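The values are calculated or read from the model by the stated rules, or taken from the named source; none is laboratory data. Remember, it's a predicted structure, so these values are computed and weren't measured experimentally. Cβ placement follows ideal geometry from the backbone for every residue including glycine, while neighbour counts extend to all protein chains displayed. Accessible surface is based on the protein model in full, side chains and every heavy atom, while ligands, DNA and RNA are left aside. Shrake-Rupley method; radii C 1.70, N 1.55, O 1.52, S 1.80 Å.
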Amino acid sequence: MKSVNRSVLPAKRSRNIEIPGRHGKYDFGGNTYDVRSIEIEIAVLEPTPNELRKKIRKIAQWLSQKGRLVFDDEPDKYYIAQLYGSLKLEQFATSGKIPLVFECEPFALADTVEQLFSITDNKSKQTFIYNGTQETCCRVILTNKGNNSITGLNLLIGGSDNE
């Protein structure tokens, strides 16, 4: 496998409109990202042309589904990827090359991070660190394992105590 084009950042979605009688275009702001295209090329080697074709068909069946796309140089991240184009095989007797263009969600994802902690009094404070480079959804699950009700809980997202 060889990466052909693995951009660092996907393209922003253009939100422009032409208005009759007005020069240029009106820009609604580009604050959202489009899908990410990741291009790779795979090489397949087999002892006979017949075995090569069998292997290519197995690969094609495997690639016909949406799934995680992981690269060796970033094993802790993955893209949700799917192929929409055809698989074009460049065959040389018992070897072949296939260029692949995956359409992916804009940003790389990571597995769920779980933090367990105990709050024993009303002065306790916990900090959650997100190490990503883009905004992301998050889910916080609080479980009261004690016998007393929880009251006065404050949850601050995207800020600091000074705000």
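What lysines could a cross-link reach from Lys25, if we take a straight Cα to Cα line under 21 Å and drop same-chain neighbours fewer than 8 places away?
In chain and number order, the partners are Lys12.
How far apart, in nm, are the 7 Å Cα→Cβ label points at Arg139 and Ile17?
Simple spin-label model gives 3.6 nm for this pair.
Can you give the Rg/Rh ratio of the stretch 1-40, where Rg is from the C-alpha atoms and Rh is the Kirkwood radius?
Working: Rg = 15.4 Å, Rh = 12.5 Å.
In the stretch 1-40, Rg relative to Rh is 1.23.
How many angstrom lie between the Cα centre of the stretch 1-31 and the Cα centre of the stretch 42-70?
Centre-to-centre (Cα) distance: 35 Å.
Below 8 Å between Cα atoms, with a sequence gap of 6+, how large is the relative contact order for the chain in percent? Write down the numbers at each step before the final one.
Numbers: 200 pairs, mean separation 31.9, N = 163.
For the chain, the relative contact order is 20 percent.
Looking only at Leu142, Leu83, Leu63, which one moves most when the chain is put into a Gaussian network model with springs between Cα atoms under 10 Å?
Leu142
Over the stretch 3-115, what percent of the accessible surface lies on carbon and sulfur atoms, probe 1.4 Å? Please report the intermediate quantities before stating the final value.
On the way: 4190 of 8220 Å².
Roughly 51 percent, rounded to a whole number.
Compute the length gained on full extension between Ser149 and Gln65: take 0.36 nm times their separation in residues and subtract their Cα-Cα distance, giving the result in nm to one decimal. Walk me through the intermediate numbers first.
On the way: separation 84, 0.36 × 84 = 30.24 nm, distance 4.67 nm.
Full extension from Ser149 to Gln65 adds 25.6 nm.
Tell me the angle of helix 49-63 to the major Cα principal axis of the chain, expressed in degrees between 0 and 90 and rounded to the nearest ten.
Result, in degrees: 20.
If you average the C-alpha positions of the stretch 104-128 and of the stretch 78-96 separately, how far apart do those two centres end up, in angstrom?
Centre-to-centre (Cα) distance: 38 Å.
Rg to Rh ratio, the chain, alpha-carbon atoms and Kirkwood radius?
Values: Rg = 24.2 Å, Rh = 20.9 Å.
On the Cα set of the chain, Rg over Rh gives 1.15.
Roughly speaking, what is the stretch gain from Ala110 to Asp72, that is 0.36 nm per residue apart minus the C-alpha to C-alpha distance, in nm to one decimal?
On the way: separation 38, 0.36 × 38 = 13.68 nm, distance 1.41 nm.
That works out to 12.3 nm of additional length.
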